[in-house]
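Report on the structure given below.
The values are calculated or read from the model by the stated rules, or taken from the named source; none is laboratory data. What you are looking at is a predicted structure, and each value in this text was computed from that prediction instead of being measured. Here the Cβ is made from the backbone with ideal geometry for all residues, glycine too, and neighbour counts use every protein chain on show. All accessible areas refer to the heavy atoms of the entire protein, side chains included, with ligands and DNA or RNA removed. Shrake-Rupley method; radii C 1.70, N 1.55, O 1.52, S 1.80 Å.
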Amino acid sequence: MATIGFIGSGKIGGTLARLAVNAGHDVVLSNSRSPQSLQDLVAGLGPRARAATTDQAAADGDIILVAIPIRAYRQVPAQPLRGKIVIDTLNYDPARQGSVPEIEAGNTPPHELLQTHLPESHVVKAFSTVFFRHLATLGRPAGAPDRSCLPIAGNDTAAKRSAAALIDSLGYDTYDVGLLAESRRFAPGTPAQLAHLDPVGMFTAPGRPVTAADLVKLLGEVR
Ligand SMILES: NC(=O)c1ccc[n+]([C@@H]2O[C@H](COP(=O)([O-])OP(=O)(O)OC[C@H]3O[C@@H](n4cnc5c(N)ncnc54)[C@H](OP(=O)(O)O)[C@@H]3O)[C@@H](O)[C@H]2O)c1
């Protein structure tokens, strides 16, 4: 079992914290305000959860999950994350979350922004393709026929292996798409990113399971 540090504890962070606690991991939650502002969430998650500052969550986690609006990426603390595995859930949605000048200028692709900010960390892109309500309901035990498979990407093979083990413990298979740059194949608006959305009732739970075979086919639609 691992300690997962959370930078951002909203819809996606809070959902993943619940899955992690249910799987027997410890979680350290942080947000943009204060540990005190997370007391209700922590109380609901039980004794495996605690709240901290972002620096402390980064320092205490064996693996760190970043789940903040991408425009705030510069506030992710680089120093305590040196050498660590950082799971990047971020999607670029300027209309709803605000724009990022270096993305708009074409200097950095959105999916590489966090790794650029954390050059000494091992960033693995994951969970960016699944709506938080579906994430809460689609998890299944290993081997279940309707277990969903999530795409991951990153530049460090060992980090991807560790991330995959964590994701497996949360109820999902993973498919390694390749280097971080290849995560463009599951970027916002691609078939793989939209796969869990049920055409009937798009954002309502439980969402649509996506097997590894489905996912490989959808990823192949982006060249
Ligand atoms: N929602 C989804 O279904 C979903 C699915 C896949 C990927 N994503 C991606 O996941 C990320 C988070 O989305 P969300 O829907 O979970 O957003 P959210 O519900 O608005 O939660 C954002 C969290 O980030 C925290 N935060 C904001 N600025 C911060 C900073 N500078 N330092 C530390 N924490 C900060 C917020 O804390 P405060 O409340 O204190 O400001 C809050 O806990 C986004 O990039 C989104 O594109 C979301």
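Here are some notes:
- Residues whose amide H falls under 5 Å from that of L170, counting only those 5 or more places apart or on a different chain, are absent, with hydrogens built in the peptide plane.
- Segment 3-219, accessible surface, carbon-and-sulfur percent (1.4 angstrom probe): 53
- Rg and Dmax of the chain, both derived from C-alpha coordinates alone, stand at 16.3, 46 Å.
- Here is how the number arises for the chain: DSSP H runs of 4 or more residues each give -39500 (n - 2.57), the sum is divided by the residue count, and the result at 222 nm is -7500 deg cm²/dmol.
- Percent of beta bridges antiparallel (DSSP, the chain, rounded to nearest 5): 5
- Whole-number accessible area per residue in Å² for segment 1-69, which is evaluated in the context of all protein chains at 1.4 Å: 42
- Accessible area per residue, Å², segment 79-188 with all protein chains present, probe 1.4 Å: 42
- Taken one residue at a time, the phi angles of segment 127-137 give Karplus couplings (6.51, -1.76, 1.60, θ = phi - 60°) of 6, 6, 9, 10, 5, 4, 5, 6, 4, 5, 10 Hz. Gly and Pro are set to x.
- The local environment of D60, defined by Cβ-Cβ distances under 15 Å, has a net charge of +1 under the rule Lys, Arg +1 and Asp, Glu -1.
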